[in-house]
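Undergrad: Shown below is the structure under consideration.
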Amino acid sequence: MCSLEVPDITQSIIERVNDPELTAWLVNVGEDFGTAYSFIDTLEVRGLPILLDEDQTYYRPYAMEVPGYAPFPLQVVIDRKGEIVYLSKQYDVDAAVAAIEAALAED
Amino acid sequence: MRLLLLLSACQTPCSEGFAKADGVCYPIASEQEEPEEEVIPSVLDLPYGDGITTFYQESITQGFYEVMDASDFDETQVIMIGQGGALLVDRDSGAVSQAWDGVRLLKVDAQDGIAVGAGSEQPMLLPEFRPLQAWNLDRAEDIAIYDDLIAVAARTQGVQLFNAAGTNRLGNIATDDAWAVELQGTRALVIDDRDLEFWELSDPANPVLVDSVKLAGEGRDISWVGDRVAVAVGGWGGQVLNIESDTLVSAGLAIMPGSVLNLSLEPNGEWLWLASWEAVGVAWVGGEEPIVVAHEPPGQSAMAVIAGEGRGYIADWMTLTGMDRTGLTSGELHLSQVHAGDILMVDPRAESLELEVTNWGPAPLEISLELPSGLSGDVGPITLAPNSSDSFSLTGAIVDAPGVRLFTDDADEEMVELDFRASATGVGSTHPEISLQGFEWPDGGLQPYNSGDHAGEVLFLAYWTSW
């Protein structure tokens, strides 16, 4: 799942939205720098910061609370006020893009 | 011990210290420290029906057996295999009649008391653990035996065909990425990447493709009885297909909680057992579409299941579990939004709520609600036909509404008490401020990232892992 989708996120979501007011991060869950880097290195994922949530501080609450969601890649859209406006149930490019664009359209 | 790992069906190699089986990375176990037990709510907590009876649950006492796969062995026994070795298990009692230690095999198939195993070690003939000859493969994901033929699914190295004695290589089905194989007569079913392929092998040196169909997800296991086929797909369920005049025709999906990596049709081909780590499920597949009828929590982790008549024998990690479905008659309540016991996480801003109820059972289900003060709306009763959904509309103080009672005639869920709580991580809640180390490729230099530095922007997060 991830080897296909991680590089696709850049192209299908971020470049499609192409808005300077969008910040996008790829957050690795539960792995160390070496593991995350070698994976990204293999796929040559350029242009997006890769964050390391090694202790699952941010990921775990979703895994605990959100039922029926594909565990990875989990996508979250947070609006300008810091509220969650989108959580992926599965990898769905159109739904993610729509959520981002709706959030960008709000003041 | 219960290993709670987040699942994914990525095809990439596992991290160091992990090994892959059925597309899932799990810790290379025996000498390693076990992961700390995490309290993660699982489907075990869900108010599903459990029309399945567990008739034995035996801990594996000898050795360090983590059983990963199961197959019919003979009339009275099934064979289970995994880290640690192989076990012959009595169908009625779960008693181990024979154990072979020290071989790491992850997949097994058998006929008339002869078994074949495959995995991280060389594919072998059991019980003498004799490696197949003429062998030169990196890795075998699955193995099958039928009459005089053995087939080994070996990812990019094709499906290798051997005689049943394992002494001669007879041929090869070329594949992009072969994950599973089943044999019947001179025919083979092969999961090749996202395709299910149907091959004629009467001349194993020259396999002929009969038909091929795109699966609904990444296939990981095949069960095949007569003209009916079930494939574990995408981790989330079973895809049922029928063979009609040499053509594979999809009959629909049996969707299950958890990650379904293994499944098994009963000998009559009308009932399907599905194993996910969190639940064992039974689906009726004798009709037009599959209907998931019941779930039952396994003893530990249902790695695999082999179905007998009315029964499922579960390779349950370090437990052997026997289950029986023949008592099933009722409808089955399924509440899609409910998790963490009977707590329903809702949008903290919500002033109304649609409580969705689904009947996953084979019989109609009558459902009614009893509401606490402060909530109003439909209370039913409503009658749900098998395999259908409806919803109750509620308004009022949703978040602070404990003790909504839901009554059903589901035999084992006559009353479910729901507690609505504001979600801390759902849509509508505030995301905690993020402060993590990170890097960009190819530079790789670590630096801090803080969401506070991006106030007023829209933030998109994609959580991922390398496995």
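The values are calculated or read from the model by the stated rules, or taken from the named source; none is laboratory data. Just so it is clear, the structure is predicted and the values come from calculations on it, not from any experiment. Positions of Cβ are generated from backbone atoms using ideal geometry, with glycine treated the same way; all protein chains shown enter the neighbour counts. These area figures cover heavy atoms from the full protein model, side chains too; ligands, DNA and RNA do not enter into them. Shrake-Rupley method; radii C 1.70, N 1.55, O 1.52, S 1.80 Å.
Undergrad: Do you know which residues across region B:451-467 are of a type outside the set (D, E, K, R) and either in contact with a helix residue (DSSP H, G or I) (Cβ under 8 Å, 6 or more places away or on another chain) or facing chain A (nearest Cβ under 7 Å) (or both)?
TA: Those that are of a type outside the set (D, E, K, R) and either in contact with a helix residue (DSSP H, G or I) (Cβ under 8 Å, 6 or more places away or on another chain) or facing chain A (nearest Cβ under 7 Å) (or both): B:HIS454, B:GLY456, B:VAL458, B:LEU459, B:PHE460, B:LEU461, B:ALA462, B:TYR463, B:TRP464, B:THR465, B:SER466, B:TRP467.
Undergrad: Any residue that is basic (Lys, Arg) and within 29 Å of A:TYR91 (Cβ to Cβ) - is there at least one of those in region B:213-225? Talk me through it step by step, then tell me what you get.
TA: First, the residues of region B:213-225 that are basic (Lys, Arg): B:214, B:220.
Next, from what is left, pick out any that are within 29 Å of A:TYR91 (Cβ to Cβ): B:214, B:220.
Yes, region B:213-225 has at least one match.
Undergrad: Report yes if some residue within region B:432-439 is surrounded by 14 or more Cβ atoms within 10 Å (Cβ to Cβ), modelled with pLDDT under 90 and either facing another protein chain (nearest Cβ under 9 Å) or not in a strand (DSSP E or B) (or both); otherwise report no.
TA: no
Undergrad: Scan region B:363-387 for residues that are hydroxyl-bearing (Ser, Thr, Tyr) and open to solvent by 70 Å² or more (accessible area, probe 1.4 Å) and jot them down.
TA: Of region B:363-387, the ones hydroxyl-bearing (Ser, Thr, Tyr) are B:368, B:373, B:376, B:383.
Across region B:363-387, the qualifying residues are B:SER373, B:THR383.
Undergrad: Oh, and also: Out of all the residues in region B:179-194, which are in a strand (DSSP E or B) and surrounded by fewer than 17 Cβ atoms within 10 Å (Cβ to Cβ)? Spell out how you get there, then give the answer.
TA: Residues of region B:179-194 in a strand (DSSP E or B): B:179-184, B:187-192.
Once the filter is applied, which keeps residues that are in a strand (DSSP E or B) and surrounded by fewer than 17 Cβ atoms within 10 Å (Cβ to Cβ), region B:179-194 yields only B:GLN184.
Undergrad: May I pose another question? Quick one: B:ILE143 ticks every box in (1) buried (at least 22 other Cβ atoms within 10 Å of the Cβ); (2) free of Cβ contacts under 8 Å to residues at least 12 places away in the same chain except a single one, so which number is it?
TA: Among (1) buried (at least 22 other Cβ atoms within 10 Å of the Cβ); (2) free of Cβ contacts under 8 Å to residues at least 12 places away in the same chain, B:ILE143 violates only (2).
Undergrad: May I ask you to list pairs of residues, at least six apart or on different chains, whose Cβ atoms are under 8 Å apart, with the first in region B:150-168 being touching a residue at least 12 places away in the same chain (Cβ under 8 Å) and the second being among the basic types (Lys, Arg) and open to solvent by less than 30 Å² (accessible area, probe 1.4 Å)?
TA: Close Cβ pairs (under 8 Å, with a partner that is among the basic types (Lys, Arg) and open to solvent by less than 30 Å² (accessible area, probe 1.4 Å)) do not exist here.
Undergrad: Considering only region B:204-261, give the strands (runs of 3 or more DSSP E) lying wholly within it that have at least 3 residues that are within 14 Å of B:GLY286 (Cα to Cα).
TA: Details: elements: B:208-214, B:219-225, B:228-233, B:237-244, B:247-255.
Answer list for region B:204-261: B:228-233, B:237-244, B:247-255.
Undergrad: Residues B:ASP443, B:ASP453: which one is open to solvent by 70 Å² or more (accessible area, probe 1.4 Å), under 23 Å from A:LYS81 (Cβ atoms), at pLDDT 85 or above and not assigned by TED's automatic domain parsing to the domain that holds B:TRP284? Even if it seems obvious, please write down each step before you answer.
TA: Values: B:ASP443 fails: under 23 Å from A:LYS81 (Cβ atoms).
None of the other options fit; the residue is B:ASP453.
Undergrad: Looking for whichever is closer than 28 Å to B:PHE55 by Cα and in the same structural domain as B:THR61 (by TED's automatic domain parsing) here; the options are B:LEU248, B:LEU215, B:LEU241, B:LEU274. Which one fits? Write out each step before concluding.
TA: Numbers: B:LEU248 fails: closer than 28 Å to B:PHE55 by Cα; B:LEU215 fails: closer than 28 Å to B:PHE55 by Cα; B:LEU241 fails: closer than 28 Å to B:PHE55 by Cα.
Sole residue among the options that is closer than 28 Å to B:PHE55 by Cα and in the same structural domain as B:THR61 (by TED's automatic domain parsing): B:LEU274.
Undergrad: Can you go through B:ASP390, B:ASP412, B:ASP342 and tell me which one is within 30 Å of B:ALA283 (Cα to Cα), modelled with pLDDT of 80 or more and surrounded by fewer than 20 Cβ atoms within 10 Å (Cβ to Cβ)?
TA: Only one candidate qualifies: B:ASP390.
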